[in-house]
Structure formats: C-alpha cells, structure tokens
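Q: Supplied in structure tokens, the structure appears directly below.
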Amino acid sequence: MAAAADNDNTQRQLNNLNDKIGSLKKSINKQQQDRSSTAKALRTIEKDIGELAAKLRQTSSKREQQQRKLAELESRQQLLRKQQVNQKALIAEHVRNAYTLGKESQLKMLLNQEQPEKLSRTLTYFDYFNRARSEELTKYRDTLSELDSLKPSIEAEAQALAETSAELKRQQQSLLQQKQQRANALAGIDREILNKTSSLNTLDKERKGLENVLQAVEREITNIVIPENYKPFNAMRGKMPWPVRGKLLNRYGASRQGSAVTWQGIQIAGNEGDSVLSIHNGRVVFADWLRGAGLLIIVDHGGGYLSLYAHNQSLLRTEGDWVKGGEAVATVGNSGGQRQAGLYFEIRYKGQPTDPRRWCQ
C-alpha cells in the first residue's frame, strides 16, 4: 500500500512538472516571436538535425548489435562444423572397431574367458563401447540439427543488417542535406549582423533570454526529491566528472568579446556526436531549442542545483526523465548558430551561476 501511494505521488509530481514545463515553453515561444525569418529557419533546421542525429545514433547502435549477433552466429556455425568433422571421424573409428570385433569375434572372446572376473570385465567393455557409439551418434545428429537451424537465423540476421545499413545510409544523406541548409541559414544570419555592436547586442539578448528561462525553471519547476540512496549534489563538490572530455576554452567569469557580458559557464571542445553525460543524478526539466543556446537540456539535481548543457547536436532525453550520473543526455554539436562543435556547460545554485571547475575534476 505504501509503495502504491509513493508511485501515485511521484506520478502526480511528474504530471505537475510536465504542466509547468509546457506553460514555460509557451511563454518562451511568445518571447521569441520577434526573430527574423532566417533565425526561425535556423531553429527549425537545427531541431530537425537533432531529431535525425538521435535516430542516426539509434540506428547505428542497432546495426552494431546486429553485427555482433551475426558474428556470434557465424562463429557458432564454424565451431559446429569443426565439431561435425571430429564427430564424424570418431564415429568412423567406432564403425571400424565394430567391424573388426564382429559378433563372432565377440562371442569367441567371451567363450575363451575361463575366469568369471575376466568375463565380467569383458562384458563391461562391450557395454561401454556400445553406449559410447550410441552417444556419439546422438551428438552427431544434434550437431547436424543445430547447423540446420542456424542457417535461416544467419540469413535473417544478414538481411536485417543489410536493411539497417541501408537505412543508416539514407539517414546520413538526409543529415548532410540538413547541414547544408543550416550553413545557408548561418550565412543569412551573418549578413544580418552588420558590425561588432550588433553582434554584442545579439549576444546580450541571447544571454538575457537564457537567464529568463533559468529563472523561470528555478521559480516554477525545481522541486524534486532525491532518492535516499543517492548522494546529494553538494556532497560531490570536486568529485564529479566533466560532461565531455575536451579542452576547456574559456575562463569562468571572463568577459565575452570584450563586452560587459561575462562567461557564466565553461565552453568545452568536443567532437560532433560525442556523448554528453549528466554530471549527477537528477530530473530533466528542460529539453528543447532556445535562441543562443541551441538544443538545450537542463537537469535539476535537487537542493537548488541545476546543470545546463547547450549547443547540442541532439537531445537523448526529454522533460520529466530521471537520469543517473554518467548517463548520456545529449550529443555534442554546434546548434544555436555555433561554427565549431563543442559543449557549453553551466552549474547553478538557487539561480546563481557557480564555477564548474569547483565541482568537476
């Protein structure tokens, strides 16, 4: 009864969380209605790329599984064929021995035994010989039967692998086309940003937009309960891994492009498609495209702590999902109009940014 009540309470909290996230997204969409047609196109293209890249990742993983299974089946087939040859040779040896002994030879050997104990040993030998021959024949039949059953399995797996490989190729081609469209959209945005002043104004607007989202998340959404068997976030200071392994490209708190806008997180160099890992256990409270941040995912770790992962190529989890520390939540990309692949990473406590270097090792 207690477990059922806990499940009901958890589901109510999750439904409430989803309602709040839905309202937050509607508010964000209204705030971003003033974007140019080029910026809107970039949003659509990058979201499409994200969905396609996630499917591509799944298809690639599926193909790897199929390749492993096919290799296992083929390895088993080779082993059985070797086993078949050995069994066949052993049976042939039994047949030759049986022919050499013959029924008459066996009878003569038995009649020539004068001592009961020798007779008993001889009878035991012939009984053993017959049982061994029968067992070898049974094993041989079983080997042939398994070989027959393996053949259609191998053919089916090979066909499935070929279909998955073809689908993977189609998805890769689609992704290349989407990236070309993205490049065209970025070129249009570059034409709209005429000088450094307009670039800094855009940067400032994007930063404020992200701040508004984080404040809304902090105000409306963050209220999760961490299971008792997990260490609280603040107990992991200096012990958590970085979300991706790569060079840290900026200093926390430093000026951005010589403006009043400062770095409130860390940019990490990465390879497109690499996994982005959640640094600690928590609940996903935002997973969508946001101007300036691209495909963004925010994880609430409880106790007032949030982690933020921006400019992803694809999002692997959605709002309301519970994630464990070290679990992939996204893949490295360059969404949000970035030119180079990498991850932008923040840690927040009660709405205020904190230096990720203090938390991650």
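Readers should treat all values here as calculations from the given coordinates under stated rules, not as data from a laboratory. What you see is a predicted model, and the numbers here were worked out from it, not measured in a lab. Quick reminder, even Gly has a Cβ in these numbers, built from the backbone with ideal geometry, and neighbours come from all protein chains shown.
Q: Packing-wise, with mean Cβ within 10 Å as the measure, how do 238-245, 328-335, 79-86 rank, highest first?
A: 328-335, 238-245, 79-86
Q: Still on this structure, I have one more. Using amide H atoms built 1.01 Å from N in the peptide plane, name the residues 5+ places from VAL261, or on other chains, whose amide H lies under 5 Å from its own.
A: ARG256
Q: Taking H placed 1.01 Å from N in the peptide plane, check which residues at least 5 places from ASP288 or on another chain put their amide H under 5 Å from its amide H.
A: Sorted by chain and number, the residues that satisfy this are LEU296.
Q: Additional query: Write out the trypsin sites (Lys or Arg not before Pro) in the stretch 257-358 meeting two conditions: DSSP loop, and at most 14 other Cβ atoms within 10 Å of their Cβ.
A: Working: sites: ARG283, ARG291, ARG317, LYS324, ARG339, ARG348, LYS350, ARG357, ARG358; in loops: ARG291, ARG317, LYS324, ARG339, LYS350.
Those satisfying the criteria are LYS324, ARG339, LYS350.
Q: Let me ask you something else. With a Förster radius of 45 Å, plug the Cβ-Cβ distance of ALA166 and LEU249 into 1/(1 + (r/R0)^6) and report the FRET value to the nearest 0.05.
A: Numbers: r = 39 Å, r/R0 = 0.86.
After rounding, the FRET efficiency stands at 0.70.
Q: Over the stretch 226-274, what is the mean sequence separation of C-alpha contacts under 8 Å (at least six apart), divided by residue count, expressed as relative contact order in percent?
A: It rounds to 32 percent for the stretch 226-274.
Q: If you take every residue apart from ASP48 with its C-beta less than 12 Å away from the C-beta of ASP48, what net charge results, scoring Lys and Arg +1 and Asp and Glu -1?
A: Around ASP48, the surrounding residues sum to +3.
Q: Now, a different point. What relative contact order, as a whole-number percentage, does the stretch 231-319 give when Cα pairs under 8 Å and 6 or more residues apart are counted? All intermediate terms of the calculation are to be shown ahead of the outcome.
A: Details: 138 pairs, mean separation 20.8, N = 89.
Result for the stretch 231-319 is 23 percent.
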